[in-house]
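I have placed the structure first, in the form of structure tokens, so that the comments after it can refer back to it.
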Amino acid sequence: MIPEGKRVWGGRASRAAVVATALLAAPVVLSGSAVGSTTAGGTLAVSRTSGIPGEALVVQVTSLPGPAARPVRLDRCVGYSGSTCSYWVTAMNGTTSNHAYAFSTRVHAMEHNRYRVYAAATSTDGARMTSSLQVDGLQQDASIALPKATTVGSTVSVTLGSGSGPVRPGREMSLQRRNPDGTWSWVAGPFVLDSTGTVTASLTLDAAGRQTYRAVARDWAPAGTNTFVGWFPSFPATVVVS
């Protein structure tokens, strides 16, 4: 069995939860949408406009007026009134270099996330606030397709995939079979998803009866990135072997 603690947020609440590592430490709550007296300033950019919670996200501010080095803070919206953010929290802190700073974080487990950067006042320039940008959280998924019936000793093709979720070529998937006591055992894989988000494996069925399988998208942390997306299972699929 895969540890329950590694499941991530997805489309099926009964089998998905937020990966703790995808979230930052307890945030500092800001009162409302205003932070003292601020003036617009700086240019904001994000490395992606959508992603699975846990995927790497860089929020970068450039062209901040005033001194080249000053304290800056990344804010994230966690509450909305219609389409307007009504509740901001502090996500990260840093200090600019040459009027710019890049915050390396991860996509949070909300359908819609908004980010902005606040630059503290200095002796030569007042506090500055960038405009905000939205990053959408996507629901990951996993799927399995296999024949509904076959005969003992036959070899069937099983298609594992990312289902209705975003395609992430190179992510690994494995096949599990349900045991009589309800637990699951690994039976094949891992296999690497192709550019279409699917992979086909062969499975030999050597025992009669009803056999239930599921696909599992494995923990995903590509080398050289800040990404960590936890595992995610498909709905079960049953084949009758006679």
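The values are calculated or read from the model by the stated rules, or taken from the named source; none is laboratory data. Predicted model, so just to flag it, every value in this text is computed and none were measured. Every residue, glycine as well, gets a Cβ built from its backbone with ideal geometry; the counts of neighbours run over all protein chains shown. Ligands, DNA and RNA are excluded from the accessible area calculation, which covers all protein heavy atoms including side chains. Shrake-Rupley method; radii C 1.70, N 1.55, O 1.52, S 1.80 Å.
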Item checked: When residues of the stretch 152-166 are limited to those that are in a loop (DSSP other than H, G, I, E, B) and of a type outside the set (Ser, Thr, Tyr), the one surrounded by the most Cβ atoms within 10 Å (Cβ to Cβ) -> GLY163
Checklist line | Residue check for THR151: in contact (Cβ under 8 Å) with a residue 60 or more places away in the chain and β-branched (Val, Ile, Thr) | finding: yes
Check: Given THR39, THR84, which one is in contact (Cβ under 8 Å) with a residue 40 or more places away in the chain, surrounded by fewer than 16 Cβ atoms within 10 Å (Cβ to Cβ) and under 28 Å from GLY165 (Cα atoms)?
Finding: THR84
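Could you identify the single residue in ALA207, ALA149, ALA127 that is open to solvent by less than 60 Å² (accessible area, probe 1.4 Å), small (Gly, Ala, Ser) and farther than 30 Å from ARG116 by Cβ?
Sole residue among the options that is open to solvent by less than 60 Å² (accessible area, probe 1.4 Å), small (Gly, Ala, Ser) and farther than 30 Å from ARG116 by Cβ: ALA207.
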Notebook entry, point to check: Right, LEU138: open to solvent by less than 70 Å² (accessible area, probe 1.4 Å), within 30 Å of PHE103 (Cα to Cα) and among the hydrophobic types (A, V, I, L, M, F, W, C) or not?
Noted result: yes
Notebook entry, point to check: Which ones in the stretch 99-124 are more than 30 Å from SER164 (Cβ to Cβ) and either modelled with pLDDT of 95 or more or surrounded by 15 or more Cβ atoms within 10 Å (Cβ to Cβ) (or both)?
Noted result: HIS99, ALA100, TYR101, ALA102, PHE103, ARG116, VAL117, TYR118, ALA119, ALA120, ALA121
Check: Among the residues of the stretch 53-66, is there at least one that is modelled with pLDDT of 95 or more, within 30 Å of ARG177 (Cα to Cα), open to solvent by less than 50 Å² (accessible area, probe 1.4 Å) and not charged (D, E, K, R)?
Finding: yes
